[in-house]
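The values are calculated or read from the model by the stated rules, or taken from the named source; none is laboratory data. Not measured: the values here are computed from a predicted model. Virtual Cβ from ideal backbone geometry, glycine too; neighbours counted across all protein chains shown.
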């Protein structure tokens, strides 16, 4: 068949681009316009091979093979197929598993079935050498593309370079059509200002279950000044300051029989999370009745709507945390029969009732959000998801400031 196919090792392409533009192979150091990159790959492949493009295969790694937002954007683009391997962490570094094997299998299968006359490989992995040799034996011309190396040397297997029919180098000018290095913030520069919706959530007061403890004036931020009490004999005693956010152990102690609350207004609420959402334990203070009575999205969704929602999630929702929160809220609002729930929910801003919040976060997990990144859950994604949820209600950005001042 007189057409070409492009097989892209995303780890190589973007890692080498990061080395070239930012000085290190970390993909977090660059921003990628995936639509522009795919278009540039297509135009370059059709120009070099003089054949129309059949398809671009994008091979990449992802934690537990769950598509990340960039993969969801890519796989709905015309003529793009995404293949995912595993992304594992070892010795403090992320490593792809199964990507080269998947590329090898696809390369040999396409050549054996004579699906194309030319195959473009964007990779540097020498493990693809047997697949390249097999493709050539089936009469397929193999084009090997390299990303310009930062040090001017090869960043590909020499055996791979020697076996290729044609070789091209994607230079800095070509790479910068779709890839940019992120600007490093100067040490003396102030931190970036968050979006108003996220700032409102961050500045909201702790729930009533948290202990009311703020730093004394003049005390270094992040530390609490010890309280001073006067005993009956007139001797001053230093009392340890309470923690700003209680641990589950602290809350359990407050609920113990005979325990005295640290603060008169403090009421401890114990809640356990499970795959079914938040679970109340006997004797535990529950949510307000108006919050507990609010229906979840699952309760408002019919079987037909559920199918349509999944179709939309797969084809149009990119997976950006803010966007995910908006989509969830839009569906919930549109299916509410009792609109009085909206007024009650707006009065709780920026806190989301536990039942709805748990469902929102489980929905976000479908898009690969809330996954472990550097061994820690990304809290910024959580704030962005909730901010997107509130944005659909058009809550004034200043509401969080009023709430935090109370």
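Checking 184, 160, 121 one by one, the residue that is closer than 25 Å to residue 3 by Cα and at pLDDT below 95 is 160 and no other.
Being farther than 23 Å from residue 315 by Cα and more than 16 Å from the chain's Cα centre (by Cα) is a property that residue 28 lacks.
One residue stands out among those in region 297-312 that are assigned to a helix (DSSP H, G or I) and in contact with a helix residue (DSSP H, G or I) (Cβ under 8 Å, 6 or more places away or on another chain): the one that is surrounded by the most Cβ atoms within 10 Å (Cβ to Cβ), which is 297.
Every residue, every condition in (1) closer than 13 Å to residue 9 by Cα; (2) crowded, with 19+ Cβ neighbours inside 10 Å; (3) in the same structural domain as residue 34 (by TED's automatic domain parsing), yes or no:
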{"site": "56", "(1), (2), (3)": "yes, yes, yes"}
{"site": "70", "(1), (2), (3)": "no, yes, yes"}
{"site": "73", "(1), (2), (3)": "no, yes, yes"}
{"site": "78", "(1), (2), (3)": "no, no, yes"}
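Listed by first and then second residue, the pairs linking a residue in region 344-371 that is without any contact (Cβ under 8 Å) to a residue 24 or more places away in the chain to a residue that is part of a helix (DSSP H, G or I), with Cβ atoms under 8 Å apart and 6 or more places separating them unless they lie on different chains, are 370/361; 370/364; 370/381; 370/382.
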